[in-house]
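Reading through the C-alpha cells given below for one structure.
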Amino acid sequence: MSGDRNPARPGRGWPELTWPPLARPLHPGAWWLWALGLAVAASRTTNPLLLAMILAVAAYVVVRRRGDAPWALSFRMYLALGAFIIVMRVAFRVVFGGGQGDTVLFTLPEIPLPEAAAGIRLFGEVAAEQLLGGFYDGLRLATMVVCVGAANSLADPKRMLKALPGALYEVGASVVVALTVAPQLVESVRRVRRARRLRGAGGKGRRALRGIIIPVLEDALNRSLALAAAMASRGYGRTGGADPRTRLITGVLVIVGLVGVCGGLYGVLDAAAPALLGAPLLLGGGAVALAGLLVGGRRVRRTGYRPDRWRPAELLTAGAGVTTAALMFLTAGVDPDNLYPSLSPLSWPELSLVPVLAVLAGVLPAFLTPEPPRSAAPPAGVPRAGGVESGTGAAPAAPSAPAANGAEPRKEPVP
Amino acid sequence: MITFEDVSFRYEEDGPAALAGVDLHIPEGELCLVAGHTGTGKSTLLGAVNGLVPRFTGGHLRGRVTVAGHGTESRPPQEFAHLVGRVGQDPLAGFVTDNVEEELAYGMEQLAVRPEVMRKRVEETLDLLGIADLRGRALRSLSGGQQQRVAIGSVLTTHPSVLVLDEPTSALDPTAAEDVLSAVLRLVHDLGVTVLIAEHRMERVLQYADRLLHLPGDGSVRDGTPAELMPDCAVAPPVVQLGRAAGWSPLPLSVRDARRRAAGLRQQLADRTPGPPHPVDTDTDTDTGPGAGTADAGGSQRTPLGEPLLTARSITVTYGSTVAVRRVDLRLAAGEVVALMGRNGSGKSSLLWAVQGSGPRRSGTVESAGGDPGDLPAAEARALVGLVPQTAADLLYLQTVDEECAQADAESAVAKGSCRALLDELAPGIDGASHPRDLSEGQQLALVLAIQLTAAPRVMLLDEPTRGLDYAAKRRFGAIVRRLAADGRSVVIATHDVEFVAAVADRVVVMADGEIVADGATPDVVCSSPAFAPQVAKVLSPLPWLTPDQVARALAHAGAEPAAALPYEGAPR
C-alpha cells in the first residue's frame, strides 16, 4: 500500500497546527469526497435556491483553492456544460412536453403527427409549470455536473491515480503512461504532416493518410517498446508474477464488490427503489471490494514517494462534503416540501434553516484548508487574497506556458 | 561483477551471429568503453547485461551472462533493477512519469524502498547530478542534456552496482554531451559504480576508460586496455588518427596527451599551408600539396565561390510570443557547403524550414532563381530548395525501396529510374526489395536525400544528418556532401558535429538565440573558440590544421614520416 506511516516519528499526523497553514496541495481524495458530497446533496433537491447556493459554494471554493496547473482551468468548461444541460432540458420541454399545466404562457403552432405517434405532441401550448419543471430538473443535473467539475479542477488527477490502492496500481500506471504518450502522438502526427510537404505531397486523401499513419505508428510502436524495456529494467512488475490464483480472487472480489456498490448507490439515490437495494447493498458491495483490494494489495511490494497523507485539513474537507450530504438526507425525511417545490399549484420556492446550513457547511474548505502552492510566486507585497487571482490571470497564456512551469515543487513542510 | 561465459547470440535461427563465443569478465568499479561501428552488436552486448536481450528483443542466446552472481537466464530484467541501471539514447522514450522528482523516485517505488530513505536519496541524486533546480519541472520542458541527466539520476537512486549507458549523448549538442559525460565520470570516481558505456564521442571517454571492448563486426569482442587496442581499432577519434598519421607510439588518447607530444609535428608543419580538409577523391584530385611556403593563417584555397543561389533577408520565425529566428540574413552560393551550428533550440531548424517554405515564417523574403519558395506550392518549392528533416524516416512510408523511388519519380515528374540512379550514386548496393525501415541510418539518410534530390533542387538543406552515424558512415556521408557541392549545388548542414564540420564545410554560421553570431570561413570560425575547435586544431593550435586527413596528406607529400596506415581504409563496410 502506498501510505505506510511511521508511527515511531512523533508529531507526524498533526504537523499543521499553526495558522495560517503552510501552502500545500490537499489530498485529491478529500476534494473528491467533498465534491461528491455536494453532488449527492444536489441530487436530493430541485429547489432552485438551494441548487444555486450549492453552485455558488462549489464555485467559490474552486476560485479560492485551485492551483495553476492546466486541469485547474477546466472549471469554466463544466460551467458551460451545465448551462448547456439546462438549456437543453427547457428546450425539450417546449418541444415535446406541451399540454401540462394550466398557466399557459404562449402557444406555438402545433405540428400534427400521424396516429402511430399518438401521445407525443410537438410544440403547442407552453405552460409555466412545464418550463419550470424542465428548468429545475436541468439545474439539478447541471449542479451535479459542476460539482464533479469542481473536484476535477481542485484535485491533481495524477496524484489521485497515485493514491489508488495497491491492487489497482497497474491500472493507474497504464493511465499515467497513456496520459504522457498522448501528447507525443499528437506531436509526431504534426511532425510527419509537416515533413510530407517536403515531398510535395498534400495533407489530404487516402494516400496522405497512409503517408502519415505509417511513420506515426512506427514511431509510436518503437517508443512503446522502448518504454516497456525501460520500465522493466527499472523494476516495474517485479513481484507481479505472484500466483495466478490470488490474481483471480482479487479480480473477482473487486468486480463483484464494485457492481454491488453501483447497485447500492442507485438504491440510495433513487427514493423509489426498494429499501434492500439501498444501504445494505452499498455497504456489502463496499466490503467485498475492500476485501479484494486488501487481498490484492498484500501481494504488492511497493512504496509511494511522498504519499499524500490525510491530515486535519483533508478530514475537514471530506467532512464538510459528507455533512452537507447527510444533513440533506435528514431534511428529506423531515421536511421534504422545501426540497421539492410544488409545480402545481405554482409556488415560490422557500428555504428552511437546515438545508441552508447543510449547504453552507460545504463552503468551509474555502477558508479552513491550506492554500495550494503556486508556481509563480506573487510579487512581494501582494496580499494573499490577491494571489488567488493569479491562477485565473494565467488562463489566457499559451498552453505551453503552464506545461513549462506547471508543476512547481510542492511546498510541503519537510518532516 | 559482470561475466559473459561463451555467449553467442543471433536474432534469427539461421541469421548471422550478433555475438559469437564472447567471454568477458568485468571487475567491479571499472569504466568500460564499448566501441564498434553501427550494427556490430554494441546494443546487443549492453542489452544482454540485464537480460533485455533476448527477453525483449527475441532471438537465441547461448552461454551465460551473470551480474554479481545472478544469471540472466533464470530471472527477468525486473529482478535486476537493483543491480543494473540502464540509460538509453533517447531519454524521453524511457520516462514513466512526467516530472523530475517522481521520475527519480519511480525505480525506488518499484523496489519498495522506505519513503524516508527515498526522500533522502532523491535529494542526494538531485545534488549529485546538479539538477536540484529542476526538481519540480515537467520532463518534457527540459533540454536534452537535462533530460539525459535526469534519466541517469533516475536509475542511480536505486543504487545499482552496474550502470549501462547506450550512446547516452548521441542526441545532444556538444555542451549538453559534456555535461552528461562529466556527470558519468564523476559517478565512476565518487561512487565506484561499474560503468559499461557505448559512446560515439569516444575521445571524451577514452582517456578515462579502464577497458575497451571493441566489436569488429564478426560477433567477436576484443577486450583490452585502450592503449593496447587503439593502434588497430577501426573506430578511432581524430586525435588517435592524428597519432597514427604522425606515427606516434604509444598513441595519444586525449588532446592533452597529443598536445604534449606534438611540438615536433607543429614545427614540421609550421611552414606548410593545409590542404583541403575533406577527404579528396584520389583520382580527380590535383592536390595543392605542400603549397607555397607562406603560412597565411586561415587562408582557404578552396574553389572560388559560384553565383549566388539563394538570398534570404531578415527571416523571422515566431511561435506564439517566442521568437525562434530574429531577422536573419543568409546568402548561399553555388558549390558551397555551409554548416549551421549552435546549441539546441537556437533556431537552426526553424531557419531551415522557413527558408524552404514549408515551415512558418513571420516575415522576411527568400530570393532564388525561381522565386520565393515560401510563396510557391509545395511541389514547386521543393524543386528550388530541398530539405531533409531531422527525423528523415518521417518521409518514408512505402513497403520497399523501389516503391519509394518510383513514388519519388512520380512526385517530381521525372523519368522513371532517376531516383534509383541518384541513390546508387549516393549509396551503391542497396537492395531495392528491402524495406526502407530495415536500412541502416546512413542508408535511410541516403534514400531520403536521393528522394529529395530527384526534384533537382540547387539548394539542399540538411537538418542534423549526422546524428546516429558512426565515424565511417559520417565519412562516406561527408564525401556525398562534397560531391553535391562539386556539382554546383549549395548545401546547408545544421549539425553539432564539430569534426564533421571541420572536414566538410567551407563556411560556418553560428546561431544563438535566433540570431547569427558568427559567419565566416571554417578555419576562422572553428579555431577561434575552444568549444568549436576540432581535436586536431586543439593539438596543433595556433596552426590552422583541422583534420587528420590534412596532416596525413601533408606528411605523405613531404615523405617525412611514414604516414602510417590511413586509419579509415581498414574500416569494414
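Bear in mind these aren't lab numbers, they're just calculated from the coordinates by the rules spelled out. Note that the coordinates shown come from a computational prediction; the quantities given were computed from them, not determined experimentally. Note: ideal-geometry Cβ built from the backbone for every residue, glycine included; neighbour counts use all protein chains shown.
For the range B:57-148, build the convex hull from the C-alpha positions and give me its volume per residue in Å³. List each step's numbers first, then the result.
Numbers: hull volume 11.7 nm³, N = 92.
Hull volume normalised by residue count: 127 Å³.
Counting pairs on different chains as well as pairs 8 or more places apart, how many Lys pairs in the protein assembly as shown have Cα atoms under 25 Å apart?
8
Compute, for chain B, the length of the dipole vector about the Cα centre, with Cβ point charges of +1 (Lys, Arg) and -1 (Asp, Glu) only. Units Debye, rounded to 20. Walk me through the numbers on the way to the answer.
Working: 52 positive and 73 negative charges, 215 e Å.
Using only the charged Cβ atoms, the result is roughly 1040 debye.
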Restricting to Cα pairs below 8 Å that are 6+ residues apart, what does the relative contact order work out to for chain B? Please round to a whole percent.
15 percent
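Suppose R0 equals 30 Å; then what is the FRET efficiency for A:PHE96 and A:ALA56 from their Cβ-Cβ distance, rounded to the nearest 0.05? Walk me through the intermediate numbers first.
On the way: r = 31 Å, r/R0 = 1.05.
The value I calculate is 0.45.
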Determine the sum of side-chain charges near B:ALA456: Lys and Arg each +1, Asp and Glu each -1, restricted to other residues whose C-beta is under 10 angstrom from that of B:ALA456.
+3
Expressed in angstrom and rounded, the centroid-to-centroid distance over alpha carbons for the range B:317-394 and the range B:123-146 is 33 Å
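Using only atoms on other chains, find how many Cβ atoms lie within 10 Å of each Cβ of peptide B:90-102 and report the average. The partial results should precede the final answer.
Numbers: counts 4, 1, 5, 9, 9, 5, 9, 7, 9, 5, 2, 5, 7.
Taking all residues of B:90-102 together, the mean is 6.
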First check a/c for the range A:149-227, with a ≥ b ≥ c the square roots of the eigenvalues of its C-alpha gyration tensor; if it is under 1.5, answer rounded, and if not, answer prolate when a/b is larger than b/c or oblate otherwise.
prolate
Express in whole angstrom the spacing between the alpha-carbon centres of the range B:459-488 and the range A:173-204.
27 Å
Would you calculate, for the protein assembly as shown, the mean residue ellipticity at 222 nm contributed by helices, counting each DSSP H stretch of 4 or more residues as -39,500 (n - 2.57) and dividing by all residues, to the nearest 500?
-14000 deg cm²/dmol
Considering the options B:THR40, B:TYR208, B:ALA177, tell which one lies farthest towards the positive end of the dipole of the range B:2-235, charges being +1 on Lys and Arg and -1 on Asp and Glu at the Cβ, about the Cα centre.
B:ALA177
Between the range B:32-64 and the range B:1-19, the alpha-carbon center distance in angstrom:
8 Å
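Quickly rank B:256-264, A:49-57 as a protection proxy: mean count of other C-beta atoms within 10 Å, highest first. Could the numbers behind the result be given before it?
Working: B:256-264: 16.1, A:49-57: 21.2.
Highest-to-lowest ranking by the protection proxy: A:49-57, B:256-264.
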Listed residues B:ALA406, B:PHE95, A:VAL259: farthest to the positive end of the dipole of the protein assembly as shown (Cβ charges)
A:VAL259
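Just check the protein assembly as shown against the gyration tensor rule for me: Cα atoms, a ≥ b ≥ c as the square roots of the eigenvalues, rounded for a/c under 1.5, and otherwise prolate or oblate depending on whether a/b exceeds b/c. Can you show the working numbers first?
Working: a/c = 2.36, a/b = 1.77, b/c = 1.34.
Prolate, since a/c reaches 1.5 and a/b exceeds b/c.
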Can you list which of the DSSP-assigned H helices in chain B have a Cα extent of 24 Å or more along the long axis and an average Kyte-Doolittle score of at least 0.0?
B:174-191
Once a ≥ b ≥ c are taken as the square roots of the eigenvalues of the Cα gyration tensor of the range A:103-246, is the result rounded (a/c under 1.5), prolate (a/b larger than b/c) or oblate (a/b not larger than b/c)?
oblate
In debye to the nearest 20, how big a dipole does the range B:2-235 give about its Cα centre with +1 on each Lys and Arg Cβ and -1 on each Asp and Glu Cβ?
360 debye
Once the dipole of the protein assembly as shown is set up from charges on Cβ (+1 Lys and Arg, -1 Asp and Glu), the residue from the list B:SER434, A:VAL146, A:TYR60 lying farthest towards its positive end is A:TYR60
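Counting partner chain Cβ atoms within 10 Å of every residue's Cβ in A:213-225, what's the average?
Values: counts 1, 5, 7, 2, 1, 5, 3, 0, 0, 3, 4, 1, 3.
If you average over the peptide's residues, the count of other-chain Cβ atoms is 3.
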Scan around B:ASN99 for amide H atoms under 5 Å from its own, H built in the peptide plane at 1.01 Å from N, and keep only partners 5 or more places away or cross-chain.
B:LEU139
So if R0 is 41 Å, what FRET efficiency would B:ARG64 and B:ASP424 give, r being the distance between their Cβ atoms, rounded to the nearest 0.05?
0.35
